[in-house]
Amino acid sequence: MDSPFKQDALKGKVALITGGGSGIGFEISRQFGKHGASIAIMGRRQHVLDSAVSALTSLGIPATGFVGDVRKQEDARRVVESTFQHYGRIDILVNAAAGNFLASAEDLSSNGFRTVLDIDAVGTFTMCREALVYLKKGGPGRNSSSGGLILNISATLHYTASWYQVHVSAAKAAVDATTRNLALEWGTDYDIRVNGIAPGPIGDTPGMSKLVPDEIISKARDYMPLYKLGEKWDIAMASVYLASDAGKYINGTILPVDGGLWLSRPRHLPKDAVKQLSRVVEKKSRNTPVGVPKSKL
C-alpha cells in the first residue's frame, strides 16, 4: 500500500526503535526508513536483529541493530549511547518492546505480573530516561531549536477491562500515564513531544497468533465498528504522522488505532428487531389518551 506522506517526511532523522525487529515494531522501522530516517533497532535476539537489518538495508535504508533488554538499565544506556555513536544524533525513540500472554488473574503469579510490568512500563521509562540527554534541544548532535519525539506503543485493553489480561492492562495503563507525565514535564522543560499509539487487533502479528484464536476473531467481527482487523501498516502510518512535521503540535496524546473497537459492545438486538420494537412502542404511545394513567386503560 502506498504511503500518503512524502518520501522525505523524516529525512535526516535518526530513530531508535525497541522491539523493532519484528511485528509492529519492524513495520514502524521500515516505514520510518522509507520516509528518510536512519534506523537503530534494539532487541534481545541477535538473529532477529540481523534479519531485520538485512531487510532494511536491502531497501536502501541505513540500519543497524543492537542486542539489549529494556529491563536492564545498563543495556538501555549502552544501546542509546551506541546509537548516538553510530549516527551522531538521536531524534526519535519508539518504545515498541512488549511482553504478553494469556492468564486468568487467579492463575497468574506475581512474577508473571511483574515480568510484563518490567518490560512494558519500567522498560519504557528506562529507555526514555536514558535517551533524554540526546533528545532534548541543545543535546548532543542536535542543532535544532526544538527537541525530539518519544512514541510509546500502548493498547486499549485498560480503557475498560479485558479477559485474562490484568497484567498487560496494568502495564499499558502505566505506559499511558508515563506518556502523559513526560509530555508535561519534558515538553515544558526540553521541547520533547511524548505521544502514544494504542493499537487494536492487528493481523499477521505474533500477538494475534499467540493470543487470539481465529474463531474468536470471527465472532468479534460481529461487533467491530469497521468490521475488520487492522494492519501493521496502519500503526506505522500513524507513527509517521506523529513523527513528521504534521504532528509537531501534538503532545501528550494517546492515539487509538483500532477501528473503534474499544467503543464496541455486543449487539443485544438485531437492527430489524429494534425497528419493530420502536413501531410497537410508537403505536402504543399514539393510542394512549393524554393524561390518563396506564392503570386506568
If Ile197 passes every condition in (1) surrounded by fewer than 21 Cβ atoms within 10 Å (Cβ to Cβ); (2) closer than 23 Å to Val48 by Cβ but one, which one does it miss? (1)
Selection within segment 163-174 - buried (at least 24 other Cβ atoms within 10 Å of the Cβ) and either touching a strand residue (DSSP E or B) at 6+ places or on another chain (Cβ under 6 Å) or assigned to a loop (DSSP other than H, G, I, E, B) (or both): none
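One line per residue, one yes/no per condition, for (1) among the aromatic types (Phe, Trp, Tyr); (2) within 19 Å of Asn152 (Cα to Cα); (3) in contact with a Gly (Cβ under 8 Å, 6 or more places away or on another chain):
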position: Ala15; (1), (2), (3): no, yes, no
position: Gly23; (1), (2), (3): no, yes, yes
position: His35; (1), (2), (3): no, no, no
position: Pro62; (1), (2), (3): no, no, yes
Which one is surrounded by the most Cβ atoms within 10 Å (Cβ to Cβ), of the residues in segment 122-153 that are closer than 21 Å to Asn100 by Cβ, of a type outside the set (A, V, I, L, M) and touching a strand residue (DSSP E or B) at 6+ places or on another chain (Cβ under 8 Å)? Thr124
Going by the conditions given, is Arg89 among the charged types (D, E, K, R), touching a residue at least 40 places away in the same chain (Cβ under 8 Å), outside any helix (DSSP H, G or I) and in contact with a Pro (Cβ under 8 Å, 6 or more places away or on another chain)? yes
Which one of Asp120, Asp91 is farther than 22 Å from Leu10 by Cβ, in contact with a helix residue (DSSP H, G or I) (Cβ under 9 Å, 6 or more places away or on another chain) and acidic (Asp, Glu)? Asp120
Restricting to segment 105-121, name every residue that is surrounded by 18 or more Cβ atoms within 10 Å (Cβ to Cβ) and either under 20 Å from Ala52 (Cβ atoms) or hydroxyl-bearing (Ser, Thr, Tyr) (or both). Ile119
Exclusive hit being in a loop (DSSP other than H, G, I, E, B), more than 28 Å from Pro201 (Cβ to Cβ) and not hydrophobic (A, V, I, L, M, F, W, C), set Gly12, Gly20, Gly99: Gly12
Total residues in segment 33-46, condition under 20 Å from the mean Cα position of the chain (by Cα), surrounded by fewer than 22 Cβ atoms within 10 Å (Cβ to Cβ) and under 14 Å from Gly23 (Cβ atoms): 1
Give Thr188, Thr156, Thr160 a once-over and let me know the one that is crowded, with 19+ Cβ neighbours inside 10 Å and on the phi < 0 side of the Ramachandran plot. Thr156
When every residue in segment 247-272 that is over 19 Å from the mean Cα position of the chain (by Cα), among the charged types (D, E, K, R) and part of a loop (DSSP other than H, G, I, E, B) is compared, the one nearest to Thr188 (Cα to Cα) is Arg265
Which pairs do you get when a residue that is farther than 18 Å from Ala246 by Cα, found in segment 146-169, comes within reach of a residue that is assigned to a helix (DSSP H, G or I) and acidic (Asp, Glu), reach meaning Cβ atoms under 7 angstrom, with the pair 6+ apart or on two chains? Ser154/Asp176
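To keep it simple, each residue is scored yes or no on (1) surrounded by 23 or more Cβ atoms within 10 Å (Cβ to Cβ); (2) in a loop (DSSP other than H, G, I, E, B).
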| position | (1), (2) |
| --- | --- |
| Arg30 | no, no |
| Val48 | no, no |
| Ile61 | no, yes |
| Gly65 | yes, no |
| Val80 | yes, no |
| Phe84 | no, no |
| Ala103 | no, yes |
Determine whether Glu185 is part of a helix (DSSP H, G or I), more than 19 Å from Asp120 (Cα to Cα) and at pLDDT below 90. no
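The values are calculated or read from the model by the stated rules, or taken from the named source; none is laboratory data. Worth saying up front: this structure is predicted, and the values here are computed from it rather than measured. Positions of Cβ are generated from backbone atoms using ideal geometry, with glycine treated the same way; all protein chains shown enter the neighbour counts.
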